[in-house]
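All remarks here apply to the structure that follows.
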Amino acid sequence: MAEAVDSVVDIQPVIEVQNAVKRYGIGDSTIYALNGVSLTIAPGEYVAIMGPSGSGKSTLMNILGALDIMTSGKYFLDGIEISSMEENELSIVRGRKIGFIFQSFNLIPRTSALHNVELPMAYQGIKSKVRRERALVALGVVGLSDRVNHEPTELSGGQQQRVAVARALATRPALLLADEPTGALDSKSTADLLDLFDQINAAGRTVVVITHELEVANRAKRVIRMRDGKIVSDELNGERVA
Amino acid sequence: MSVLEIIKFAIRGLFINRLRTALTTLGIMIGVASVIILLAVGNGSSKAIQASLDRLGTNSLQVRSGGGGFGARARASASTIKPLTILDTVALTDKTQAPDIKQVAPIASTNGTCVVGANTTSPSTFYGTWPAYYEASNTSIQSGSYFTNDDVTQARRVALIGQTTATALFGTSSPIGQTMRCSGIEFTVIGLTTVKGSSGFQDGDSLVLIPITTMENTITGNQPLSNILVEATKSTTTTAAQTELTAILDARHGISGRKTADFSVFNQASLLSTASSSSQTFTTLLGMVAAISLLVGGIGITNIMLVTVIERTREIGIRKAVGAPKSAILTQFLIEATILSLLGGILGVIAGFVGSHFTIAGTKPVIVPASVFLAFGVSILIGIFFGGYPASRAASLRPIEALRYE
Ligand SMILES: Nc1ncnc2c1ncn2[C@@H]1O[C@H](COP(=O)(O)OP(=O)(O)O)[C@@H](O)[C@H]1O
Ligand SMILES: [Mg+2]
C-alpha cells in the first residue's frame, strides 16, 4: 500500500503530532505516559493503535481528541495548531472536528438517544429542526431508528455504543476517534460496530481506534504499536512503515 | 448556542433529577418560610403589647395622693398630706398654665355591692367621675349612652356598667334602662361599656361608673379623690404635661424647696417604653433564631448544590467532550440554581404567609415586609452562588479530568 505512504507526504495531514510528551506527577513519582511520540495521519486513513495496558494509548487518544493537553510537543489538526489553543477554542475544535467514542459510552444519563445525539449539534448552534433531522439520519445509519426515544438504561451495551457513534457522526467530523470502543461489547455487537467503522471509513472519514483485540486491528489499514509511552512499530497491513 | 436552548437544557436537567429538585426546593422553602414566620411572631407579639398599652391610654397620667408605687415619679410622702380634690382637678384644666393637658377627670372610688333581685355583685371598680374620664381612660360604650356633664351637675342616679357586672346582675337580658341598687342607692343603668378584657389580675369589665357628684352626695360624702386622671394632648407631650401638672399641684399644695411632694404621678409612657423595649428584645431574639435557620437552610442548599455538581461532573465532562463551551455549561447550571432558588423562595414566601395566618404560641403573627425580601433575597443569593461556584469549577476542568471524576 505505497499510496498511503505517498499521501502522508503529498496531502495536508489530518493529524500531525511532533514529539509529544505527557508527564504525570513530580519528583520520584514522575511518570511519562507519552515520551516523545511523533505521528502523522492522512485524511481517510483507518488506523488501529495497539499496545499493552499502561503503554499510553489512551493518553495519546485524549490528546488527539483535544480532551487533554500535552506537557510538551506540538499537535496540528487539519493544519491548525491545537497545542497552543485556549480552552474556549478547544471546545469549538471538539465540537466540529472530532467525534470521540469512549469504551464506557459516556451518554448523558436519563436522556433519550435522540437528545444525546443532538447534544453536540446544539452546542454548535445548529437549529433544532435541522439538528433533529440529522440526528435521526445518524441514528438510522447505526440501525437504531426504532430506539430514538429510549434512554441509555433501556438500551443494550451495543446499542448504547451505536448511539455514541451516531452522536460522533452527526456533527460530520473529519476525525473519528475511538478508545477501546468494543471493550464492553459482546462479539455480535463488536462485529456490528466494526462493520459500521468500515462504512464510515469507506465514506472517506479518518478513523483511529485503540484496541487490544486483533479482530479489531485487522480491519484497520494501518497498525501502530506502543510501549512505555513510545511508538514501537507502525505498519501498513503488516508491513513496517516508519 | 442560544440562551433559550440553554434554558431548555436547564429545565430538562431539573426534570431529570426530580428528587434532587424537590429536596432542594423544600430546603429553601423551609428556610424562607421559617424566617418569615418567626419574625412575624416576634412582630405580632410586640404589636400585641403595643395594642394593649394603647388600650390603657398612652397619653394618660395618673395623679395619686402620697408617694411611691411602680412606675411612679415618687416624691416621697410628706408629714402633712393635702388630699387631692375637685379643685385640684379644675386647676389642671387651666390652658395657659397647662397647654399640654387635654382634659382632666377626677376619680372618687368606693367599694360597694350592687343588687338586682337575688343577684349581687361587688364591682372591682366602682368610680365616681365625669365625662372627661371616657377618653382619658379609653372607655367607650357598646350600647346605651354615656352620662353627660348635665347628669354630673344634676347629680342624677345613672350608671354605666361593664359586661361582667351586667351579666352578674341581669344575665343575658339587656341592662339598659334597668335599675340596680348599689350601696343602698338605686341607679338607672344607661350604658354598657365595651369589653376591655382583664389586665393582669383585674377584670376591667367588673365596673360601675357614676357621676362623681352623685357618689359624693349619696354614698361617700365629701371624701378625698382617690386619683386624678390626666390626658395629655399627644403621647409625645406626656412628659411636658407631667411637668405642668406637677408645677400646678406643687403651687396648690405649697410644695417648694426641700419640702417633698404629697402626691405622685404615674406615667403610662414610662410603662410603655419598658414594655416595648422588652418586646424589642424578644423580636431581636427571634430574629437571631430566624437568621440561624436561614443559615442552616443555606448550608443545606449549599450541600445539595455541591453534591449535585460532584454528581454531575461526569455529565459536565461528557458535555465538554462533545464541544460544550464553559460558558454554556456555567449558564445552564446557574439557570438551574436560579430556578430552584426562585421556586423554593416563592413557595417559602407562600408558606410563610399561610403559616402566619395561624395563632402561634398565643400570638397572632404580623408579617414584617422586610423579612420577606430578606429571606427571599438571601436564599436566592445562596442558591445562585453555591449553585454557580462549584459549577464554574467543574466547567473549568479539562474534559478528561471531569470524565475521570468519580
Ligand atoms: N491522570 C493520571 N495521573 C497519573 N498517571 C496517569 C494518569 N493517567 C494515566 N496515567 C498513567 O499514564 C500511563 C499511561 O496510561 P494510559 O494512557 O491510560 O494507558 P493505556 O490506555 O495504554 O492503558 C499509565 O502508567 C498510567 O498509570
Ligand atoms: Mg486505555
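The values are calculated or read from the model by the stated rules, or taken from the named source; none is laboratory data. From a predicted model like this one, the values you see are computed outputs, not experimental measurements. As a convention, Cβ positions derive from the backbone with ideal geometry for all residues, glycine included, and neighbour counts pool all protein chains shown. The accessibility values were calculated without ligands, DNA or RNA, using every heavy atom of the protein model including side chains. Shrake-Rupley method; radii C 1.70, N 1.55, O 1.52, S 1.80 Å.
Within 16 Å of ligand 2 (Cβ to nearest atom) and either at pLDDT below 95 or closer than 29 Å to residue A:236 by Cβ (or both): which single residue out of A:37, A:21 fits that description?
A:37
Checking the condition surrounded by 17 or more Cβ atoms within 10 Å (Cβ to Cβ), closer than 15 Å to residue B:126 by Cβ and more than 34 Å from the chain's Cα centre (by Cα), which residue from B:212, B:161 passes?
After applying the criteria, what remains is B:212.
Pick out the one residue from B:390, B:369 that is surrounded by fewer than 17 Cβ atoms within 10 Å (Cβ to Cβ) and in the same structural domain as residue B:315 (by TED's automatic domain parsing).
B:369
Read through the list (1) more than 14 Å from chain A (Cβ to nearest Cβ); (2) surrounded by fewer than 24 Cβ atoms within 10 Å (Cβ to Cβ); (3) in contact with a Leu (Cβ under 7 Å, 6 or more places away or on another chain), then give the number of the only condition that residue B:314 fails.
Going through the list (1) more than 14 Å from chain A (Cβ to nearest Cβ); (2) surrounded by fewer than 24 Cβ atoms within 10 Å (Cβ to Cβ); (3) in contact with a Leu (Cβ under 7 Å, 6 or more places away or on another chain), residue B:314 breaks only (1).
Given the criterion over 16 Å from the mean Cα position of the chain (by Cα), away from ligand 1 (no atom under 16 Å from the Cβ) and away from every other protein chain (no Cβ under 14 Å), identify the matching residue among A:81, A:86.
Just one listed residue meets the conditions, A:81.
Among the residues of segment A:31-81, write down those that are hydroxyl-bearing (Ser, Thr, Tyr) and within 24 Å of residue A:91 (Cβ to Cβ).
A:58, A:59, A:71, A:72, A:75
From the residues in segment A:89-125 that are more than 8 Å from every other protein chain (Cβ to nearest Cβ) and among the polar types (S, T, N, Q), which one is farthest from the chain's Cα centre (by Cα)?
Applying the filter and picking the extreme gives A:112.
Just to be sure, is residue B:399 closer than 30 Å to residue A:70 by Cβ, open to solvent by less than 70 Å² (accessible area, probe 1.4 Å), touching a helix residue (DSSP H, G or I) at 6+ places or on another chain (Cβ under 9 Å) and at pLDDT 90 or above?
Criteria met by residue B:399.
If residue A:101 satisfies every condition in (1) within 16 Å of ligand 1 (Cβ to nearest atom); (2) surrounded by fewer than 21 Cβ atoms within 10 Å (Cβ to Cβ) but one, which is the exception?
Against the list (1) within 16 Å of ligand 1 (Cβ to nearest atom); (2) surrounded by fewer than 21 Cβ atoms within 10 Å (Cβ to Cβ), residue A:101 comes up short only on (2).
So which residues in segment A:200-223 are in contact with a Gly (Cβ under 8 Å, 6 or more places away or on another chain), under 14 Å from residue A:165 (Cβ atoms) and not charged (D, E, K, R), if there are any at all?
Selection gives A:201 alone.
Residue A:80 - would you say it is more than 16 Å from ligand 2 (Cβ to nearest atom), among the β-branched types (Val, Ile, Thr) and closer than 28 Å to residue A:24 by Cβ?
So residue A:80 passes the test.
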